[in-house]
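Presented below is the structure to which this report refers.
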Amino acid sequence: MAEKNRKSSYGPGFLVTAAFIGPGTVTACSLAGAQFGYSLIYALIFATITTIILQGMTGRLSLGSGYDLGQSLREFPQSLLAKRIFVVLTLSSITFGCAAYEAGNIIGGSIGLEMITSIPQIYWVVAISFAAIFILSLGKYKLVEKSLIFLVFLMSASFLTTLVILKPDFVSIFKGMVPTFPKNSLYLILALIGTTVVPYNLFLHSSAVKEKWQSSAHLKKVKKDLLLAISLGGIISISIVVTSAVAFYEKGLPLEKGSQLAQQLKPLFGSFTNFLFGLGFFAAGLSSALTAPYAASFASSGILGWSGGHKSRGFKGVWLGVILAGLIAACLRAAFNFNPLSVIVFAQVANGLVLPVASIFLLIVLNNRQKMKEFANNLRQNILGVLIILIVSGLGLWNIIKLFLK
């Protein structure tokens, strides 16, 4: 087993990257580039660093305690009242976040298939939802996941290649690394953070680390895996912002429909753009549509202490409920002809608002020195964690206030 793990091409960090490079990432980054050029790149840099820090904490949690995040939230609180509060708040935040994210995943996948076939979105929304239910019910998720991850990274590689072909203004890119707040940009800033720092990935990563690396001596491998994988994800996201800025912002063209997203790839693929982009967007949507409900099931199982693993009724019930919630939300949007891009971005905003809840719980667990011992948070790690929580919480509150002031 150890030899197999050592030769594995994809570690837990790459699973996290594959999970957040989905329709939400492409959409939010494309909108950021089209509407504000390079000026929001700094938000992605912050989000990438934040992801590395938080996921590093989940890795230390699993190696130090032998529990994943869900199990820790059930086992570590000393008082019964605190334990119940943790269970209720965490379950509600994770299931809400995954359900909101699921609607965006389903809509994103349907946009990709609509590009290829011209069949109305509503049909693909239903088809993708039932395909996700069918695939998860087979219990062969890992095999399907590998194929979809390959397609997602193939699409991501096309953005990086297009970036080189377009020869963007690198001076403007570096200027975009300096924080600015253009008018009406806060919604997208929060979306960029939410699409990268996804709360359910905290649970996924801790479970994956627990399965792959059992010894505390593997902490360096966890860090290297995260640094390489998440940094790559950040570079891919920034490349999408840049290609969109060149394709839309610099030409004064609006980005209003999902079908326009593919225009970023025309320099590379020409007349095949819609097909290849649509295929990649569908792959990103379906892979994330499988990951979100699965993550909710893992979190719920760990927190509630369910036995039976994938075969338990509770595990199956959670992922089924998340998919159905996403299906209902996606159908309502498609049936009433609302802009699908707004659904995907809303899913990212919802995750950005849920993130403080999950990260606060993680911070509390990592300060339990009786359980964590030498892996417990030190002063520097606590300061970083608190700063991240304050910044993300502040952005979420600011965004809500502006919505009510409109």
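Only one residue in A347, A330, A292 is modelled with pLDDT under 80, of a type in the set (A, V, I, L, M) and under 27 Å from L186 (Cβ atoms). Which one?
On the way: A330 fails: modelled with pLDDT under 80; A292 fails: modelled with pLDDT under 80.
Just a single option satisfies the conditions, and that option is A347.
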Pairs with Cβ under 9 Å, 6+ apart, first in the stretch 292-303 and without any contact (Cβ under 8 Å) to a residue 60 or more places away in the chain, second buried (at least 24 other Cβ atoms within 10 Å of the Cβ) and not in a helix (DSSP H, G or I):
none
Just name the residue that is surrounded by the fewest Cβ atoms within 10 Å (Cβ to Cβ) out of those in the stretch 239-285 that are modelled with pLDDT of 80 or more and not hydrophobic (A, V, I, L, M, F, W, C).
G252
Tell me yes or no: at least one residue of the stretch 85-102 is crowded, with 24+ Cβ neighbours inside 10 Å and modelled with pLDDT of 80 or more.
yes
State all residues of the stretch 213-225 that are surrounded by fewer than 21 Cβ atoms within 10 Å (Cβ to Cβ) and either in a helix (DSSP H, G or I) or in contact with a Lys or Arg (Cβ under 7 Å, 6 or more places away or on another chain) (or both); if no residue qualifies, say none.
S216, A217, H218, L219, K220, K221, K223, K224
Considering S65, S72, which residue is at pLDDT 75 or above and within 15 Å of G305 (Cα to Cα)?
S72
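Table: residues versus (1) among the hydrophobic types (A, V, I, L, M, F, W, C); (2) surrounded by 17 or more Cβ atoms within 10 Å (Cβ to Cβ).
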{"position": "A157", "(1), (2)": "yes, no"}
{"position": "K167", "(1), (2)": "no, no"}
{"position": "G194", "(1), (2)": "no, yes"}
{"position": "Y200", "(1), (2)": "no, yes"}
{"position": "S237", "(1), (2)": "no, yes"}
What are the pairs with Cβ atoms under 6 angstrom where one residue, in the stretch 163-192, is in a loop (DSSP other than H, G, I, E, B) and the other, located anywhere, is surrounded by 12 or more Cβ atoms within 10 Å (Cβ to Cβ) and polar (S, T, N, Q)? Sequence gap at least six, or different chains.
G176/S39; T180/S39; P182/S39
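Within the stretch 118-132, can you find the residues that are in contact with a Pro (Cβ under 9 Å, 6 or more places away or on another chain) and at pLDDT 85 or above? First the steps, then the outcome.
Quick first cut of the stretch 118-132, residues in contact with a Pro (Cβ under 9 Å, 6 or more places away or on another chain) only: 121, 132.
The one that is in contact with a Pro (Cβ under 9 Å, 6 or more places away or on another chain) and at pLDDT 85 or above: A132.
The values are calculated or read from the model by the stated rules, or taken from the named source; none is laboratory data. Just so it is clear, the structure is predicted and the values come from calculations on it, not from any experiment. Note: ideal-geometry Cβ built from the backbone for every residue, glycine included; neighbour counts use all protein chains shown.
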